[in-house]
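See below for the structure under consideration.
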Amino acid sequence: MLPYLVSSVGFIIAFMLQYGVVSRSTMLSGAADLLLLFIAAWSLHEHNKRMWVLILIFAAFISFVSATPFFVSIFVYLGIFLLSKYLNTWVWQTPLLAMFLLTFVGTLFQHIVYLAVLWVNQTPFDWATAFSNVTLPTILLNMLLAIPVHALVHEMARSVYPTGLEP
Amino acid sequence: MQKLLNPKFLRNLIISIMVIGLMVMAISGYLTPIFSLSLTPLIGTQSWLAERYSAFKDFSNSPRDMAELRQQNAMLENEVAQLQNQVVALQEELSQSRILEALFDFARINPQYEYLAATVIGREINPFQQYVIIDKGSNHGLRHGMPVVTQKGLVGRIDRVIATAARIQLISDANSVVNVRLQNAKTEAQVDGSITGEISLQLVPQDVDVQVGEVLLTSGLGGTYPPNFFVGQVLTMESRENSMFQTGSVQPMVDFSTLSAVLVVTNFNQVDIKPLLP
């Protein structure tokens, strides 16, 4: 019960910081995604195998506020969760490396989905501009924030789970 | 006479005269060098003694003084911190009141519309879309499609409303289209947003001479926005020979990255012309 409570509080804090602060701090047109980083870092913890239920709820919550279509956030964040489980099987000994890899791949995956939705909706855009002005800065910002977010979530996990059971 | 010649009397008389003489000499200043000479070693000794006494007193009292000074220092530092906080809070209030003052000035200049001031509390998570969230919703009378402005110009329109908040689609969003008129060129065109948040001028006829710095105002066409709101200024124009229209880049009047307060035009009814479109 405690892990779900802690992750819910962590998610709410990340959500508020994302909408109030992080989304406004842009590099070119890119902005970091604190929710993606939180979900990635928390999902990398091997004890959170049933985390997908919470992510489903969180993603639905984000979809309610976001201007993107409802299913997109759910698809993206559940995809990142599944990717983290896959990464856990072969780079689990180096959690920070897994976090970096998940951040990089997850951001790319998220942006490809976002752009695909825009393309389906016939929104005019240029792929090269989208990549250079939005995706690349976002990846850089996410990679920069990945370290502190991973450290914070790791400390949260240590306080939630008994010592010796951590990955 | 015998009494006058009495040796005791004479001695007293001589002593009195000498004393009076010394007093007269002292008052007259004739004895000053002698006094100075005799007092110099005394003053030196007194100074030495006083310095040692002061040093001893300082040494004996210094722990108490230090403690008092530290307490006073801590109190003063605390007071300075409180005053700094007050200064920051007052500066914040001043900044907020200046924004509100500017907004109210705008409302006074455009009295035909009714406005509701709202604070921007969030920004869209998807970096490809340009939306902000405000702290007023349907409880405050806001509805879908209401135009949103600041004292500088057009911001966008309300895209979605819940009871206590609303989401605004900025004119810089990729799906946003604003019909504009060029103030000097006396022609109409269209301003489109983009996924990077930049806005561009589209559908400008080739025969129209558009100068850099030309002001763009909403035309009111399409019924989405009321007319005569500032949108931006032309930065550059591009004209291709084989193209039907000129295009250009636009500097928006409103800086969307620092948007903190907006005005919602509450008495403008958006006209839905979709059923009329072929």
If one compares the long axis through the Cα atoms of helix B:32-109 with the longest principal axis of the Cα atoms of chain B, the angle in degrees, nearest 10, works out at 20 degrees
Please give, to one decimal in nm, the separation of the simple spin-label points placed at A:TRP90 and A:ALA151, each 7 Å out from Cα toward the Cβ. 3.0 nm
Debye-sum result for region B:177-254 in log10 I(q)/I(0), which assumes one identical scatterer on each alpha carbon, at q = 0.22, 0.26 Å⁻¹: -0.96, -1.31
If you bin the C-alpha pair distances of region B:115-170 every 5 Å from 0, what whole percents do you get? 5, 22, 34, 25, 11, 3
Can you list which of the DSSP-assigned H helices in chain A have a Cα extent of 18 Å or more along the long axis and an average Kyte-Doolittle score of at least 0.5? A:2-20, A:51-65, A:70-88, A:95-120, A:136-160
Restricting the calculation to Cα positions, tell me the Rg (one decimal) and the Dmax (whole number) of region A:1-96 in Å. 13.6, 41
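So if a site counts as exposed when it's one of the GluC sites (Glu not before Pro), its DSSP state isn't H, G, I, E or B, and it has at most 14 other Cβ atoms within 10 Å, what's the longest stretch of chain B without one?
Formally, the longest exposed-site-free interval is B:115-240.
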Packing rank of B:162-172, A:131-141, where each peptide gets the mean count of other beta carbons within 10 Å, highest leading: B:162-172, A:131-141
Work the Kirkwood hydrodynamic radius out for the protein assembly as shown: mean of 1/r over every pair of different alpha-carbon atoms, inverted, in Å. 28.1 Å
Using only Cα atoms, tell me the angle between helix B:7-28 and the longest principal axis of chain B; keep it within 0 to 90° and round to the nearest 10. 30 degrees
So, R0 is 41 Å and r is the distance between the beta-carbons of A:PHE70 and B:ALA117; what FRET efficiency does that work out to, to 0.05? 0.85
Evaluate the distance, in nm, between pseudo-label points positioned 7 Å from the Cα of A:VAL53 and of B:LEU94 along their respective Cα→Cβ axes. 5.5 nm
Using Cα-Cα distances under 8 Å and only pairs 6 or more residues apart, what relative contact order does region A:2-160 have, in percent? 33 percent
Between B:GLN84 and B:VAL271, what length in nm is gained on full extension when 0.36 nm per residue of separation is reduced by their alpha carbon distance? 62.2 nm
Just need the relative contact order of chain B here, percent rounded to a whole number, with Cα pairs under 8 Å and 6+ apart. 15 percent
When 1/r is averaged over all different Cα pairs and the result inverted, which Kirkwood radius in Å belongs to chain B? 26.1 Å
B:ILE162-B:SER60 FRET efficiency (beta carbon distance; Förster radius 60 Å; 0.05 resolution): 0.25
Per the helix-only calculation at 222 nm, which mean residue ellipticity applies to chain A, given -39500 (n - 2.57) for every DSSP H run of n ≥ 4 and division by its residues, nearest 500 deg cm²/dmol? -23500 deg cm²/dmol
Return the Cα extents of region B:100-214 along principal axes one, two and three, sorted largest first, each rounded to a whole Å. 49, 36, 21
Estimated inter-spin distance, B:THR236 and A:VAL21, nm [label 7 Å along Cα→Cβ]: 3.7 nm
Neighbour-count ranking for B:LYS152, B:LYS57 (other C-beta within 10 angstrom, fewest to most) reads B:LYS57, B:LYS152
For region B:177-254, averaging the sequence separation of alpha carbon pairs under 8 Å that lie six or more residues apart and dividing by its residue count, the contact order in percent is 29 percent
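Hull surface divided by four, with the convex hull built on the Cα atoms of region A:2-160: how many nm²?
Mean projected area of the Cα convex hull: 8.8 nm².
Computed from the coordinates by the stated procedures, all read-outs in this text should not be read as laboratory data. Since this is a predicted model, take the numbers as computed values, not measurements. Every residue, glycine as well, gets a Cβ built from its backbone with ideal geometry; the counts of neighbours run over all protein chains shown.
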